[in-house]
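*Asks:* This is the structure I want to talk about, given as structure tokens.
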Amino acid sequence: MKLARILAAGLLLAACGNKTPPVAPELVQPREAASLSATSTTGGVQLVWRRPTEYTGGKRMNDLGGFEIERAPGGTGPEAFVQIGDFQLSEEQRFRQDRRLEWTDATAAPGATYRYRIIGYTLDGYRSKPAGPVTITFTPP
């Protein structure tokens, strides 16, 4: 009887846990966004990009959470970037996976030159490499 309990406990422990081998963190980061562009509009600087659909390891991604939008004054180094927005994907955007996304910086000052970059992130906190930067002098139409 005691042996049967020990065997049952061993089988339970063997059935628990991961069913697949663990994956290295650098393989589950989202790929960076593609084709980042900036355009002057009446509402501000409009950023447009193509969202990633895969992790850096090549597997299809379904848990993209959104993008951090960063801006720096023109002519400054990478340390000058600060986050100015957080573009969070809705459930519909996450699963429908429209490739083209856009966001407008309504705080841009006319005549100022800015650099923008975006960083994708997953729901569990993995971050992509920055896409960009793109540079624009904001001149409203």
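The values are calculated or read from the model by the stated rules, or taken from the named source; none is laboratory data. Computed from a prediction, not measured in an experiment: that's the story for all the values here. All Cβ positions, glycine included, derive from the backbone under ideal geometry; neighbour counts span all protein chains shown.
*Asks:* Could you list, in sequence order, all residues of the stretch 86-141 that are in contact with a Pro (Cβ under 7 Å, 6 or more places away or on another chain) and basic (Lys, Arg)?
*Replies:* Arg115, Arg117
*Asks:* For the stretch 70-85, what are the residues that are out of contact with any Lys or Arg (no Cβ under 8 Å at 6 or more places or on another chain) and closer than 16 Å to Leu36 by Cα?
*Replies:* Gly85, the sole residue that qualifies.
*Asks:* Continuing with the same structure: Suppose the filter is surrounded by fewer than 17 Cβ atoms within 10 Å (Cβ to Cβ), modelled with pLDDT under 95 and under 14 Å from Arg31 (Cβ atoms); does Gln93 pass it?
*Replies:* no
*Asks:* Another question, then. If a residue must be within 13 Å of Arg71 (Cβ to Cβ) and in a loop (DSSP other than H, G, I, E, B), how many such residues does the stretch 104-140 contain?
*Replies:* 7
Matching residues to (1) within 22 Å of Gly44 (Cα to Cα); (2) β-branched (Val, Ile, Thr); (3) touching a residue at least 24 places away in the same chain (Cβ under 8 Å):
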position	(1), (2), (3)
Met61	no, no, yes
Gly75	yes, no, yes
Gly85	yes, no, no
Trp103	yes, no, yes
Ala109	yes, no, yes
Ala112	yes, no, yes
Tyr116	yes, no, yes
Pro130	yes, no, yes
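*Asks:* Just one of the numbered conditions (1) at pLDDT below 95; (2) surrounded by 15 or more Cβ atoms within 10 Å (Cβ to Cβ); (3) at positive phi; (4) not hydrophobic (A, V, I, L, M, F, W, C) is not true of Gly75; which one?
*Replies:* (2)
*Asks:* When only residues in the stretch 78-90 that are surrounded by fewer than 19 Cβ atoms within 10 Å (Cβ to Cβ) and not in a strand (DSSP E or B) count, which is nearest to the chain's Cα centre (by Cα)?
*Replies:* For the stretch 78-90, the residue satisfying everything is Ser90.
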